[in-house]
Amino acid sequence: MTIQDTQTRLQPELITQIEHKIFYLQKLESAIKDNRIAQVYQLLDLKKNHQDIDKKDEVNVAENLSTMLIDIKEKIATFLAPELVNYFAETFNFLTLEKIIDDPIHYDVYLGDWWDHRKIGILNVLSVSIVINDVIISEIIATAKLSEGETLNTNQIQETNKIISGLEAFLFDNTKRSLELQVIEDQLSEITSSKSGLFGRSDKTTREALEKKQELLIATQKRIPEVQQKLTKQKNELLILEKDDALRQLELQAILKHYENVPVFVTALNNIYDSYVIQLG
Amino acid sequence: MHDFKTQLYSKQLKSDLKLFNRWQILIDALSVTDNMSELLEILQKILVFDMHEAEMIRLVNDYWFPTTHWVTVAFAKCANVASLSQTEIVLPQAQKVAELHFSEWPNATFRFMKAPLAAGGYYLEETSQNLRVLYWDMNRKRFYLDTQQFSKLVQTQAIQLAGLDALSIFQKRLSAIGAQLVEEEYDVVLPGIDGQKQSNLLMTEKKIPIEILDSLFVVAAKQQFILKRMQDEHNGVEITIGDVSLKLIQRDTNGGYEQWTYDIIDSNKEVTIYTLLQQLPFFYHWYTNHLKVVGLKDKREVFVD
């Protein structure tokens, strides 16, 4: 078989494939031109629209075709984003979307609009899908199961508060210790000035007892900077625990204001492609 | 033994009488004047008046009063002119300094104390808890609010009991006195007391550590208030309390650095930061716990303990 024969044999298939690509690009061009957003999504990812596709092969073809768009994906995302962001804001008004710098395809999804709100996922504008942070969701689900007034960190908070009280009491007692030390110093100097003439042996015993007490008090006082440091550390830990609890409570309240329970909310997030494309018509 | 010169005796007596005549004229002028610049002038003359120049005539101790007393009397005049709410001067039994009673705060009493400063000046303070309200320096023409102690004062029981209207009346009174003193070329710094000026109130520190905002978030959440991220062009956070918003904003200054500030948004322009400190215990505790960072910036250098 000559080279020409081989070429002639392959030509129809190749031409068909090129025609597929041209046809695909023409359809996409037309959809973008006419602002037919739903169709744009179908063309970008036909896997999600099986009802429009009769043969499995075509899905694969389409997958291959969409790889042609790799170099303009970001521009397509910029084109599609406003409509999706609007839909998102209306449907999930307690979630906040934030653009990711230099990445028009993805948006960070935050729960709530409060201070230090947590990122619960990342929205892909091209696939209209959210990668959900399962850790956060499971925390919220666990919080929902607690009885009123209870939080995930209740026990740890109680423990930390106990430690803080102990450390504060130690620091508070320092004034008492300073006074006691002063008294001991006065007593010692009194004994020294009496030149042990008056009480003889008992002076020595008293002095030793006082010196021992003095040593102990001084050693305790030396621990103050360390205790202060520990106190600061414990207070910071308490703040973190309380903040995590506060965030989870707010998150749960926000979800339950809109959904029956947390799993229903998660399902809604997972079904965002369907709900979005359906409403596009 | 030396000669008794009747003429000399008479001369000294005349000089003493003249001195006391000047004193009487000053006190009389103080009692009748309604004019601020005149009042300030009289007060300054009273403060430098040296009764001990008199050699022969002496005041009975009961009728001698220290300078703080006369400052109190003069301030009461300013306070009365500045508000429809009465200010009374009361001289407690066996005391040398009159006390002030502002009728909006019937359970609180105020007095002036000498400031322990080389520059001189006087502090107005509440008597039961010794909480300072302001510093008044007649020589260098300075009139400053002690924002730290005033914020504590508004949380005391006596002031709490009197309620919001009383606080509002008192703040307006101080603002009005301040406005009059500005006309007398005083440097007046009364941060946060004017309901009309609740924007861009500077915090003591330019930067707030994240942990301090975290703690505001936590204490607010415990009381069902939500510390929200600001939605506008500013970097900051806000809490909505009914119709009022408390905003903590990180602003760029002309000097090229950032400065945290408070803005209180109230359409009626009545609510001040002190109103919120009085009404929101969680905000007050957070504020006083981090006073050196988030306290309102004031003329700290004149407030010495």
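The values are calculated or read from the model by the stated rules, or taken from the named source; none is laboratory data. None of these values were measured; they are calculated from a predicted model. Virtual Cβ from ideal backbone geometry, glycine too; neighbours counted across all protein chains shown.
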Among what's in the range A:101-129 and is at pLDDT below 95 and aliphatic (A, V, I, L, M), pick the residue that is surrounded by the fewest Cβ atoms within 10 Å (Cβ to Cβ). A:I101
Filtered residues of the range B:191-212 (kept if surrounded by fewer than 14 Cβ atoms within 10 Å (Cβ to Cβ) and part of a loop (DSSP other than H, G, I, E, B)): B:Q196, B:S199, B:N200, B:K207, B:P209
Looking at the range A:145-177, which of the residues that are β-branched (V, I, T) and under 22 Å from the mean Cα position of the chain (by Cα) is nearest to A:Q228 (Cα to Cα)? A:I157
Is it fair to say B:L47 is surrounded by fewer than 18 Cβ atoms within 10 Å (Cβ to Cβ) and assigned to a helix (DSSP H, G or I)? yes
Take the residues in the range A:72-95 that are outside any loop (DSSP other than H, G, I, E, B) and within 14 Å of chain B (Cβ to nearest Cβ); name whichever of them is modelled with the lowest pLDDT. A:A89
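From A:K235, A:K257, which residue is over 30 Å from A:P82 (Cα atoms), touching a residue at least 40 places away in the same chain (Cβ under 8 Å), basic (K, R) and within 14 Å of chain B (Cβ to nearest Cβ)? Before the answer, list the steps.
Details: A:K257 fails: over 30 Å from A:P82 (Cα atoms).
Going through A:K235, A:K257 in turn, just one is over 30 Å from A:P82 (Cα atoms), touching a residue at least 40 places away in the same chain (Cβ under 8 Å), basic (K, R) and within 14 Å of chain B (Cβ to nearest Cβ): A:K235.
Quick grid of which residues meet (1) within 23 Å of B:I177 (Cβ to Cβ); (2) in a loop (DSSP other than H, G, I, E, B):
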| site | (1), (2) |
| --- | --- |
| B:K18 | no, no |
| B:D34 | yes, yes |
| B:S37 | yes, no |
| B:I42 | yes, no |
| B:M56 | no, yes |
| B:C78 | yes, no |
| B:H101 | yes, no |
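Let's see how each residue does on (1) more than 10 Å from every other protein chain (Cβ to nearest Cβ); (2) buried (at least 21 other Cβ atoms within 10 Å of the Cβ):
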site	(1), (2)
B:L167	yes, yes
B:D214	no, no
B:A220	no, yes
B:Q223	yes, no
B:R229	no, no
B:I239	no, yes
Reported set for the range B:254-281 where residues are in contact (Cβ under 8 Å) with a residue 40 or more places away in the chain and farther than 19 Å from B:G192 by Cα is B:Y257, B:E258
Which condition number does A:Q187 fail, the rest of (1) free of Cβ contacts under 8 Å to residues at least 12 places away in the same chain; (2) surrounded by 11 or more Cβ atoms within 10 Å (Cβ to Cβ); (3) not aromatic (F, W, Y) being met? (1)
Would you check if B:V81 is touching a residue at least 60 places away in the same chain (Cβ under 8 Å) and in contact with a helix residue (DSSP H, G or I) (Cβ under 9 Å, 6 or more places away or on another chain)? yes
Sole exception among (1) within 24 Å of B:C78 (Cβ to Cβ); (2) in contact (Cβ under 8 Å) with a residue 12 or more places away in the chain for B:K197, by number: (2)
Residues satisfying the stated conditions in the range B:154-194, i.e. touching a Lys or Arg at 6+ places or on another chain (Cβ under 6 Å) and touching a residue at least 60 places away in the same chain (Cβ under 8 Å): B:V189
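Residues that are small (G, A, S) and either at negative phi or part of a helix (DSSP H, G or I) (or both): does the range B:87-95 have at least one? Outline the logic, then answer.
Looking only at the range B:87-95, we keep the residues that are small (G, A, S), and these are B:94.
Those left that are additionally either at negative phi or part of a helix (DSSP H, G or I) (or both): none.
No, every residue in the range B:87-95 fails to be small (G, A, S) and either at negative phi or part of a helix (DSSP H, G or I) (or both).
Kindly indicate whether A:D54 is closer than 22 Å to A:I105 by Cβ and either at pLDDT 60 or above or in a loop (DSSP other than H, G, I, E, B) (or both). Steps first, answer last, please.
Numbers: closer than 22 Å to A:I105 by Cβ: no; either at pLDDT 60 or above or in a loop (DSSP other than H, G, I, E, B) (or both): yes.
No; evaluated as a whole, the condition is false for this residue.
Please work out which residue is farthest from the other protein chains (Cβ to nearest Cβ), limiting yourself to the range B:241-250 and to residues that are under 22 Å from A:E242 (Cβ atoms) and touching a strand residue (DSSP E or B) at 6+ places or on another chain (Cβ under 7 Å). Walk me through it before giving the result.
Step one: of the range B:241-250, the residues under 22 Å from A:E242 (Cβ atoms) are B:241, B:246, B:248.
Remaining after also requiring touching a strand residue (DSSP E or B) at 6+ places or on another chain (Cβ under 7 Å): B:246, B:248.
Values: B:L246: 13, B:L248: 10 Å.
My answer is B:L246.
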Return yes when B:A108 is buried (at least 18 other Cβ atoms within 10 Å of the Cβ), part of a loop (DSSP other than H, G, I, E, B) and assigned by TED's automatic domain parsing to the domain that holds B:L174 and no when it is not. yes
